[in-house]
Amino acid sequence: MLAGAIIAQGADGALIHFDRIGYVAVTTTIVTLVMMYYVQNAVAERTGKKVA
């Protein structure tokens, strides 16, 4: 849905701002990986098990 709001079509039919979608995808992937690290540590602390 966000990609559809960012991308537009130029007068010649080319897609405009397509590179920004890549930046959004990379950023959300990195943020998700960092968040999952903290979630994993919190779960391991609560259960008393070392996960990785």
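Considering only the range 20-52, how many residues are free of Cβ contacts under 8 Å to residues at least 12 places away in the same chain, surrounded by 10 or more Cβ atoms within 10 Å (Cβ to Cβ) and not β-branched (Val, Ile, Thr)?
Total meeting the criteria: 9.
Do you know which residues across the chain are in a loop (DSSP other than H, G, I, E, B) and modelled with pLDDT under 90?
Result: Met1, Gly48, Lys49, Lys50, Val51, Ala52.
Would it be correct to say that Ile7 is surrounded by 10 or more Cβ atoms within 10 Å (Cβ to Cβ), touching a strand residue (DSSP E or B) at 6+ places or on another chain (Cβ under 7 Å) and of a type outside the set (Ser, Thr, Tyr)?
Yes, satisfied.
The values are calculated or read from the model by the stated rules, or taken from the named source; none is laboratory data. All figures in this text were calculated on a predicted structure; none of them were measured in a lab. Note that we place each Cβ from the backbone using ideal geometry, even for glycine, and neighbour counts take in every protein chain shown.
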